[in-house]
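Below is one structure, written out as structure tokens; the observations come after it.
All of the numbers you see were taken from the coordinates with simple rules; none came from a lab. As the structure is a prediction and not an experimental result, all values here were calculated from the model. Every residue, glycine as well, gets a Cβ built from its backbone with ideal geometry; the counts of neighbours run over all protein chains shown.
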Amino acid sequence: MNALGSLLLVLLLAGLGFAGGQVAGLRPLFGVVVPYAAFVIFLLGVSHRVVLWARAPVPFRIPTTCGQQRSLSWIKPSRLENPSSTLGVVGRMALEVGLFRSLFRNTRTELREGPRLGYGEAKLLWVAALAFHWAFLLVILRHLRFFLEPVPAVVAALASVDSFFEIGTPGLYATDIVLAGALGYLLLRRLLSPQARYLSLFGDYFALFLLLGLAASGILMRYAVRIDTVAVKQLALGLVTLSPVVPGEVGPLFFSHLFLLSVLGAYCPFSKLMHMGGVFLSPTRNLANTSRMKRHVNPWNYPVDVHTYAQWEDAFRDKLKAAGLPLEKE
Amino acid sequence: MAEEVAKPEDLAQVDYRPPAKDWRDPAVEFRKGVFCYSAAPKHLQYLGLPNPRPWHPSDADWKLPADWKRIILEGMKERLDRFRSFRLFMDICVRCGACADKCHFYIGSGDPKNMPVMRAELMRSVYRRYFTPAGRILGPLAGGRELTEDVIKEWFYYFYQCTECRRCSVFCPFGIDTAEVTMMGRELLNLVGCNINWILEPVANCQRTGNHLGIQPHAFKDAIDFLVDELAEITGVRVEAPINRKGAEILYVIPSAETFGTPHYYTLLGTLLLFHAIGLDYTLSAYASEGGNFGLFTSHEMMKRLNAKIYAEARRLGVKWILGGECGHMWRVVHQYMDTMNGPADFLEEPVSPVTGTRFPHARSTKMVHICEFTADLIHNGRLRLDPRRNDHWVATFHDSCNPARSMGLIEEPRFILRSVCRRFHEMPENTIKERTFCCGSGAGLGTDENFEMRMRGGFPRANAVKHVRDRFGVNLVACVCAIDKATLPPLLEYWVPGMHVAGVHELLGNALVVEGENERSTDLRGEPTGAAGASAGPQPEGARE
Amino acid sequence: MNDRGLILGGLLLFVGLITLPVWYNVAAGTPSRPPELKLPAQGKDPFGTAEYMRASHMSLLVAWRDEVVRGGERTVVGRDGKTYAKSLTRTCMDCHSSRAEFCDRCHGYTSARVSCWDCHADRRLAEGSAR
């Protein structure tokens, strides 16, 4: 089963990282070599895929229009849902990328007695997806405290806002709760909905379990199994200043965390996680609906066999003549 | 046909529980009523398409060319390099499933492979196996699937069970458009000769005669003459309907069904009456006698071949600009493809309404204006005398056709016209109109009788919304701006919501239009008593509420 | 339409953002040395090993606070058998005498907020400014 298999694989990977952190001789591998390799794969892989997309042309202007077009001056056009200007496209894309506009439209179709089709509200997927992505971004930004020295005030401010409620010591981060909760919902949804279970692939569960593993190990390190954060920062700074320091005792859980992150980074270019870059390039969203206003050029527009008027007139000459229709050639 | 088809109450028992069987198993059953028949070899031969042969989808042997696998994979490679949409949509789907219950075929059939995500996954699994490093190495673990003959059959089944309506793409967080995937799937199937007759016969007709129905020029002229006579009989006004006239200001391009089919025909009556009323200097063409384009349902190349006639004819006749009639997929082609494929139309002028002087800057490059845009401008400027009471026998609703709604944004223009010519107009529920409109279930070349059950299933959400407004408001007429709708909504509604009528927007306009020199009109363009003369005689259901 | 420049620009921007720490630290001239602490002359680690204290001193302090404030248990017997007052500003800072040169070094380094001084006055700081 896809879900079980990917769970086992993620547990195995986490265990591998854990073991690697416990053996002094393996620490250079798990603390330095693997993260570097993963980062290089991530950067090159993502770039390669984006270049592949960029190299394929957009032969036709095919936006999905979700509102009134700009036509007659007295009909109000829908500037964001059916943009006809670059500004409108930027607005539409900002809504898509930042607020998941299209997913917000989600409904649940229900077939009731009658038969009667109903379209109910179904915003939970949107809520969970938005919560997960924004929480993940904030968590990543918070982690900059390990990668930057001196730590910029904005990163410190972010952390203090995030732990605003000052629950426990160290203060509980709201994003940790949101991240774990949203991931949990996304996983349960896949497991409990028969349709979602039917269409889910190994990779769908694998990505979720990887992220859950990352989140779980991170939360554990902060609130339960504490680690030496100074040593972690030493390692992180060493990596990003290209003068890696082989870490001493940091705590094996940290190596699980680091290894899962490395796997996630290296896995990204080969997986659906590339939607991160792809969402910007979708021709149904990032083009203005100016198809009749401005000519869109297709770089491979090759000539085709057309049944010309002359051929047509030749084929039907007698009938055209009999019907009294005008001819080019008598 | 009727006795072979399940009853509506049985068809409405849709089981949405997916089967236990893994979806990677491609086996499909070609059951009577849910698929379209193969194209006759003579059409492929005429069009120069590969692998013409007699075959049938329910055959075990599809007589594919010996190197079919190479052809498909090379065809995929070529298209991945040519269409960013294709490559991107293969890569970025996260299978969130938001699209699943947005597809009319899934809602009507419960077949999980009709969920748009799965329809694309049928292609994606092959893409992963042959075009991505993970899929090549890890195979099924990375979501890859071997390309087998059974996969080709599965593709045929499901890519000819998608009407390219783009509803799923409205809801997709990445804008993944299943229509793009289906178009690629059909192009690939065409490379190995797996195509359907209901598409390729019209394509061959259109290539040869200029229109899908295969109407030859003299018959086209006869049909128009007949129409002019009939219009004179109903209204007492004899209109001019020139064909292939050089030097006209405007070329008017219609879906050819308007010359013969009902209720399309009444739309053309209304339109020609309108042109007469405003004294439009226009011509029809027997060469470019088709605005529709079943090439769109075949391949980009075929779409271009058929579409080329419109600009060529506009140039030959020396018109200033082009006006296009009520047709859904025609406007997908005109709006999003024509200029790119067969332009630039630099021999034409930026469209200007000769009646109101209104410029149409949104069409300044393509130089083609939708009849609803044109007419809405006329009404807005008070250039038409309208008597909406003549439509009082109708309680109308408006069915947005997929392509004008989701590939253009023609939403308010037809509504403005309808509200001006019809006193009783009610919208269907919000989730079934405008950009969320449901397909008739028979678009993209699937409107054939042998596919009847699947059409009824696919059209179920639309019909169900019509039923809602019939029961609530007493709606008895579905107005639309699409020739395929006009052909396929009547049987669909007869099946699910008996007693409903279907009309083009310009038919209702023609009813309401007061023309100089006309008789006292006792009937509408259909020859039925008009609302003004006999509101009580009209097909007004019980309990109609305003 | 050629949007390749735009896409590659976006990609470069992404790569730039992802590698931001590299450029930031180069610009800031960040040393790879860990923070240097001013340690007491003779240390006995009466409340736990250095490893434990590094990772979990905040738990110990919070536990002390709760025990003192809620339970009235004001003293603790250290690992060295001596009895100590549960006091940050006295017991801890008797040896780790400089907040700036001890606490703040690591807390600043990892940007970990300290809430001790929200209530406690840093006695030595106050005395220093009084002089």
Could you pull the Cα extents of the range B:202-380 along its three principal axes, largest to smallest, in whole Å? 46, 36, 27
At q = 0.12, 0.17, 0.21 Å⁻¹, what is the log10 ratio I(q)/I(0) for the range A:92-234, with the Debye formula run over Cα points and no solvent? -0.64, -1.09, -1.38
Which of these, A:Val230, A:Val97, A:Val127, has the largest mean-square fluctuation under a Gaussian network model of chain A (Cα springs below 10 Å)? A:Val230
Positive-end extreme of charge dipole, chain B - chosen from B:Leu49, B:Cys172, B:Met90 (charges on Cβ): B:Met90
Select from A:Val90, B:Ser256, A:Ala216 the residue farthest towards the positive end of the dipole of the protein assembly as shown; place +1 on Cβ of Lys and Arg, -1 on Cβ of Asp and Glu, and compute about the Cα centre. A:Ala216
Give the relative contact order (percent, whole number) for chain A; include only Cα pairs under 8 Å separated by 6+ residues. 34
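Please give the charge dipole size of the range B:202-380, origin at the Cα centre, charges +1 on K and R Cβ atoms and -1 on D and E Cβ atoms. Round to the nearest 20 debye.
Working: 15 positive and 19 negative charges, 122 e Å.
Roughly 580 debye, rounded to the nearest 20.
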Extending each Cα 7 Å along its Cβ direction at B:Asp229 and C:His57, get the distance between those two points in nm, one decimal. 10.5
Per-q log10 I(q)/I(0), the range B:388-534, q = 0.15, 0.19, 0.20 Å⁻¹ (Debye; single scatterer per alpha-carbon; no solvent): -0.73, -1.11, -1.21
Length-normalised contact order of chain C in % [C-alpha pairs under 8 Å, at least 6 apart]: 23
Under Karplus coefficients 6.51, -1.76 and 1.60, residue-wise ³J(HN,Hα) of the range A:251-265 in Hz, glycine/proline x: x, x, 4, 4, 5, 4, 4, 5, 6, 4, 5, 4, 4, 4, x
Could you state the angle between the C-alpha long axis of helix B:178-191 and the longest principal axis of the C-alpha atoms of chain B, as a value from 0 to 90 degrees rounded to the nearest 10? 70
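Take every Cα pair under 8 Å in the range B:388-534 that's 6+ residues apart, average their separations, divide by the length, and report that relative contact order as a whole percent. Don't skip to the answer; put the middle values down first.
Values: 241 pairs, mean separation 46.7, N = 147.
For the range B:388-534, the relative contact order is 32 percent.
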In the neighbourhood of B:Gln161 defined by beta carbon distances under 14 Å, the net charge of the other residues (Lys, Arg +1; Asp, Glu -1) is +1
Under the classification rounded if a/c is under 1.5, otherwise prolate if a/b is larger than b/c and oblate if not, where does the range B:342-442 fall, given a ≥ b ≥ c as square roots of the Cα gyration tensor eigenvalues? oblate
Need the full-extension length gain, C:Thr49 to C:Arg65, defined as separation in residues times 0.36 nm minus the C-alpha distance. One decimal, nm. 3.7 nm
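With +1 assigned to the C-beta of every Lys and Arg and -1 to the C-beta of every Asp and Glu, and no other charges, what is the dipole magnitude of the protein assembly as shown about the Cα centre in debye, to the nearest 20? Let's see the in-between values first.
Working: 114 positive and 100 negative charges, 646 e Å.
Roughly 3100 debye for the protein assembly as shown.
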Over chain B - Rg/Rh using Cα atoms and the Kirkwood inverse-distance radius: 0.97
Angle check, please: helix B:116-131 long axis (alpha carbons) against the longest principal axis of chain B (alpha carbons), in degrees 0 to 90, nearest 10. 40
Quick one: Debye curve from the C-alpha atoms of the protein assembly as shown, no solvent, what's log10 I(q)/I(0) at q = 0.05, 0.06, 0.10 Å⁻¹? -0.39, -0.54, -1.14
Please work out the C-alpha center-to-center distance from the range B:66-144 to the range A:242-274 and express it in whole Å. 31
Comparing A:Gln195, A:Gln311, A:Gln22 in a Gaussian network model of chain A (Cα, 10 Å), the one with the largest mean-square fluctuation is A:Gln311
Once you put a point 7 Å from the Cα of A:Ala157 and another 7 Å from the Cα of A:Ile177, both along the Cβ direction, what distance in nm separates them? 2.4
Around A:Lys76 (Cβ within 11 Å, Cβ-to-Cβ, excluding A:Lys76; K/R +1, D/E -1) the net charge comes to +1
Please report the spacing between the Cα centers of the range B:391-407 and the range B:33-49 in Å, no decimals. 32
Hey, got the dipole for chain B? About the Cα centre, +1 on K and R Cβ, -1 on D and E Cβ, debye to the nearest 20? 1520
For chain A, average projected area of the Cα convex hull in nm²: 28.7
Got a sec? How would A:Glu249, A:Glu166, B:Glu326 order by Cβ neighbour count within 10 Å, fewest to most? A:Glu166, A:Glu249, B:Glu326
Full extension between A:Arg108 and A:Val33 adds, at 0.36 nm per residue less the Cα distance, a length in nm of 22.3 nm
What is the fewest-to-most order of A:Thr65, B:Thr340, B:Thr148 by other Cβ atoms lying within 10 Å of their Cβ? B:Thr148, B:Thr340, A:Thr65
Within the under-12-Å Cβ sphere about C:Ala55, not counting C:Ala55, Lys/Arg +1 and Asp/Glu -1 give a net charge of 0
What FRET efficiency would be calculated for the residue pair C:Glu73, A:Ala224, taking the C-beta separation as r and a Förster radius of 35 Å, to the nearest 0.05? 0.90
Once fully extended, how much extra length lies between B:Lys63 and B:Ala40, figured as 0.36 nm per residue of separation less the alpha-carbon to alpha-carbon distance? 6.9 nm
Per residue of B:199-208, how many C-beta atoms from partner chains lie within 10 Å of its own C-beta, taken as a mean? 1
In degrees rounded to 10, the 0-90 angle between helix B:371-380 Cα long axis and the longest Cα principal axis of chain B is 40
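Report, for the protein assembly as shown, the % of DSSP beta bridges that are antiparallel, rounded to 5.
40
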Distribution of pairwise C-alpha distances over the range A:1-127, 10 Å bins, in %: 10, 16, 23, 23, 17, 9, 3, 0
Which residue, B:Cys402, B:Leu138, B:Leu477, has the largest displacement toward the positive end of the dipole of chain B when charges sit on each Cβ (Lys, Arg +1; Asp, Glu -1)? B:Leu138
Spin-label pair A:Lys76/A:Leu188, simplified geometry with 7 Å Cα→Cβ offset, distance in nm: 4.0
Determine by what factor the alpha-carbon radius of gyration of the range B:213-316 differs from 2.2 N^0.38 Å, reporting the quotient. 1.10
